[in-house]
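Right, one structure below, let's go through it.
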Amino acid sequence: MPPNVRKEGGYLRIRPSGEGLTLEQEELRGVSRTVAEIEWLLLILVLLYLTFGGPADEDRPAISAALFFYAAVILGFHYANFYKTESRWKIAIETWLMVLFITWVVWYTDKLASPLLNVYLLVIITSALTLGKLVTLWEMVLVGACFVLLGNNSSAGELFSLSYVGRLAAQLAPMILVAYVTTMFSADIRYGLNKAMRLSEVDELTGVYNRRGFAMTVDRLFAQAIRYNRSVSILMIDLDRLKPLNDSYGHETGDRMLKLVAKCIQDELRQTDVVARYGGDEFVALLPETPRIGALDVASRIRLAVAGTPLNLGDRSVITSVSIGVATYPEDGRSLDSLLVHADRAMYVEKHETHSEPAGPVA
């Protein structure tokens, strides 16, 4: 369950925006941690080379200064709280600074003959894992430009010679291959995760959102309603007498009835409305930009649609009904929690007052 959603007293509780993080923000936080680890790895590699290896004595101060400033950059980006929210722009800037740091170090460690030349791969891997194909392509262009800069070419004509282009392509080929393979793996992993996330947010039986999917969607919509002081309504919809239906005709028929009711609800809603299966025989719908009178009209249409759509069982048809409770912001509550409670109570009042007949065959 998302960090801004919790169960309490049988209800779905959603914290206001700002108290919890969205899934995208959580993903970016994880990505940022990975980037920080790659940056520290780069810093350690250069430090080890400086300690045990081999730059000339006159080049050591320049490399030491670069280490100091790059460590300050890492601390500033990840630990000094300069950025209160993560973003892909921040990660892109970090990769550019990584390229600058590597180029500086490679310049002072024998340029294209430097044993640290391959650490450019860390930039490519970071970009491929976090920023996608297009940004990775531009990162490759930037790295290629750095290779040209480090090449000490004597004339512009040499840059366009066939032999030089061939050598440059050969030097960049491993990085291009790593970029291609990593972006492919990253895309496949992201596709699989998105598909799994989608499945985890949708009710398998009815095809509408489940509680988790509903929570992730309505949190943003309700926050907008509060920000712009616009009406938003909640419908709590309960299928009447599902247990007698299951007892009389079997659970498969009950499942078919749930799918039929879900379709009836969806057919009466707009594309901007959100419907979810809230429990076993209970549905919830959020209607943005909808005052109470409009929500009552939608509820009436749903009742008529369900009552007028019998379930065909071959030699007979079965009808049912729904009880619906309505709650509207801000009249019935100023938080999503209070609206859910109000709509739930209103739904049970209607159910007990109307005394719906058990589902049965149509003559």
* Asked: Once you put a point 7 Å from the Cα of residue 65 and another 7 Å from the Cα of residue 48, both along the Cβ direction, what distance in nm separates them?
  -> 2.7
* **residue 134 versus residue 253: modelled label distance in nm, points set 7 Å from Cα along the beta carbon direction** => 5.5
* If we count other beta carbons within 10 Å of each Cβ, what is the order of 120, 49, fewest first? -> 49, 120
* Name the long-range amide H neighbours of residue 278: under 5 Å, sequence gap of 5 or more, or other chain; modelled H, no Pro or chain starts. => 283, 284
* To do: Can you put 148, 274 in order of Cβ neighbours within 10 angstrom, beginning with the fewest?
  => 148, 274
* Asked: What aspartates and glutamates sit close enough to residue 90 to cross-link, taking a C-alpha to C-alpha distance under 17 Å and skipping anything fewer than 8 places away on the same chain?
  -> 24, 26, 27, 37, 39, 139
* Efficiency of FRET from Cβ geometry, residue 300 and residue 184, R₀ 56 Å, rounded to 0.05 -> 0.60
* Structure fact -> Quick calc, residue 345 & residue 289: beta-carbon distance into FRET formula, R0 30 Å, rounding 0.05, result 0.80
* Structure fact -> Here, residue 334 and residue 272, labelled 7 Å along Cα→Cβ, have an inter-label distance in nm of 2.4
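All of the numbers you see were taken from the coordinates with simple rules; none came from a lab. Keep in mind that this is a model prediction, so the values were computed, not measured. Because the Cβ atoms are built from the backbone with ideal geometry, glycine has one as well, and the counts that use them run over all protein chains shown.
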